[in-house]
Every structure is written in C-alpha cells, then in structure tokens.
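No lab work stands behind these numbers, since they all come straight from the coordinates. Everything quoted here is computed from the prediction, not taken from an experiment. Methodologically, a virtual Cβ is constructed for each residue, glycine included, from the backbone with ideal geometry; neighbour enumeration extends over all protein chains shown.
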Amino acid sequence: MIDLPCLECPNEQAEFVTGAVIYPHRPELADKKAWRCSACGAYVGCHPGTVEPLGRPAGPKTREARQYVHQVFDPLWREAWRGYPAAAKRRHVQSLARTRCYAWLADQMSLTADECHTGMFTIEQCRQAYRLLKNTTYADIREWAKARKKETT
Ligand SMILES: [Zn+2]
C-alpha cells in the first residue's frame with residue numbers, strides 16, 4: 001500500500017483500481033489503471049505502463065481544471081521548437097522546453113519540482129497555474145531560464 005490521501009477528503013486513502021471500476025460502461029477502458037477514493041469516487045490515473053499515480057485523486061471539478069491547465073501548458077513546450085534554428089532537433093527542444101516550463105511554473109507558484117505537476121494540483125492551484133500560463137510565452141520562459149542560469153553560475 002502506498003500513502004495516497006484523497007485530495008477531496010484528506011482522511012481517506014486511495015486504493016488501486018482498474019478502468020473497469022472507474023468506467024463501468026466503457027469496456028475498452030477496462031485495462032486502465034488508477035487510484036481511487038472509495039469514499040467520494042475521486043481518482044487519478046497512472047504514469048503510462050506503471051501503477052505509479054500521476055498525483056493525488058481528485059473529483060470531477062478538479063480533474064476538469066487540470067485538463068484546462070494542460071490546454072495552456074502543453075502548447076507552450078510543444079511549439080517551442082519554432083523559436084530555434086531549423087537544424088535543432090524538435091524532440092530535444094520540446095523535452096528541454098517542457099522541463100523549463102515546469103521549472104518556471106514551480107518558481108511562479110512557489111512549489112518544489114515534485115509538487116509542480118497538474119496531477120498534484122488542487123482546483124485553486126489549477127486556477128493560479130492557468131492564469132500564469134495564459135499570460136506568458138515560451139520566449140519569456142526561455143529568457144527567464146537563461147537569466148536564472150547566469151545567476152547560479
Ligand atoms: Zn475522497
């Protein structure tokens with residue numbers, strides 16, 4: 001058993017379930033893996049191919065808010081390669097950009113790297129993240145990352 005309290009009812013521990021429990025009417029999702037709070041039904045998925053939870057189990061409103069955060073977060077790093085020379089490897093740039101975007105967001109929200117994942121966010125943190133991400137560009141984050149590197153070296 002791992003220690004995984006429900007985000008919505010912190011006294012409850014989540015338990016491991018499959019998609020058959022979470023999506024009883026979606027047989028094609030029966031093999032999915034998740035951690036679920038049996039008290040309120042909040043859940044969180046797992047890292048692909050593992051039983052490791054992506055964060056803390058959350059109810060429908062928080063899960064929806066997390067999706068909104070991804071809608072503004074993902075394009076930032078996915079499109080980052082456009083600002084680089086044509087020869088730059090797209091996947092490499094995206095991977096670097098994703099790390100930078102998470103580091104930037106953690107800094108803005110005063111979170112550690114471990115805490116700064118949408119799967120960990122409460123609904124309030126989702127709103128905060130959404131506002132921050134909506135009002136920035138990857139070019140800004142890149143400048144921030146470069147300035148920070150200069151400070152520490
Ligand atoms: Zn719960």
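Local charge for PHE16 was computed over the other residues whose Cβ lies under 15 Å away, with Lys and Arg +1 and Asp and Glu -1, and equals -1. Helix 123-134 versus the longest principal axis of the chain: what is the Cα-based angle in degrees, 0 to 90, to the nearest 10? Roughly 30 degrees between the two axes. Applying the Karplus relation 6.51 cos²θ - 1.76 cosθ + 1.60 with θ = phi - 60° to segment 137-149 yields 3J(HN,Hα) values of 10, 5, 4, 5, 5, 5, 4, 4, 5, 5, 5, 5, 4 Hz, where x marks Gly and Pro. Each residue of segment 4-12 is assigned a 3J(HN,Hα), and the resulting list reads 9, x, 5, 5, 8, 10, x, 7, 9 Hz, derived from the Karplus form 6.51 cos²θ - 1.76 cosθ + 1.60 (θ = phi - 60°), x at Gly and Pro.
Calculate the FRET efficiency for GLU151 and ALA86 from the Cβ-Cβ distance with a Förster distance of 22 Å, rounded to the nearest 0.05. Intermediate results must be reported in sequence, preceding the final value.
Working: r = 31 Å, r/R0 = 1.39.
It comes out at approximately 0.10.
Among the listed pairs LYS33/LYS134; LYS32/LYS134; LYS32/LYS61; LYS61/LYS89; LYS61/LYS146, those whose Cα-Cα separation exceeds 28 Å are LYS33/LYS134; LYS32/LYS134; LYS61/LYS89; LYS61/LYS146.
On full extension of the chain, what length is gained from CYS46 through GLU143, given 0.36 nm per residue of separation minus the C-alpha to C-alpha distance? Here the answer is 31.6 nm. Relative contact order for segment 24-75: what percent, with Cα pairs under 8 Å and sequence separation of 6 or more? Relative contact order comes out at 24 percent. Mean separation of Cα pairs under 8 Å and 6 or more residues apart, divided by the residue count, gives segment 2-153 a relative contact order of 19 percent. Near the amide H of SER38, within less than 5 Å, lie the amide hydrogens of GLU15, all on another chain or at least 5 residues away, with H placed in the peptide plane.
The string of couplings for segment 44-53 from the Karplus curve (6.51, -1.76, 1.60, θ = phi - 60°) is 9, x, 10, 4, x, x, 10, 10, 7, x Hz, one whole number per residue in order, with x for Gly and Pro.
For the options TRP81, TRP104, TRP35, a Gaussian network treatment of the chain with springs between C-alpha atoms closer than 10 Å singles out TRP81 as fluctuating the most.
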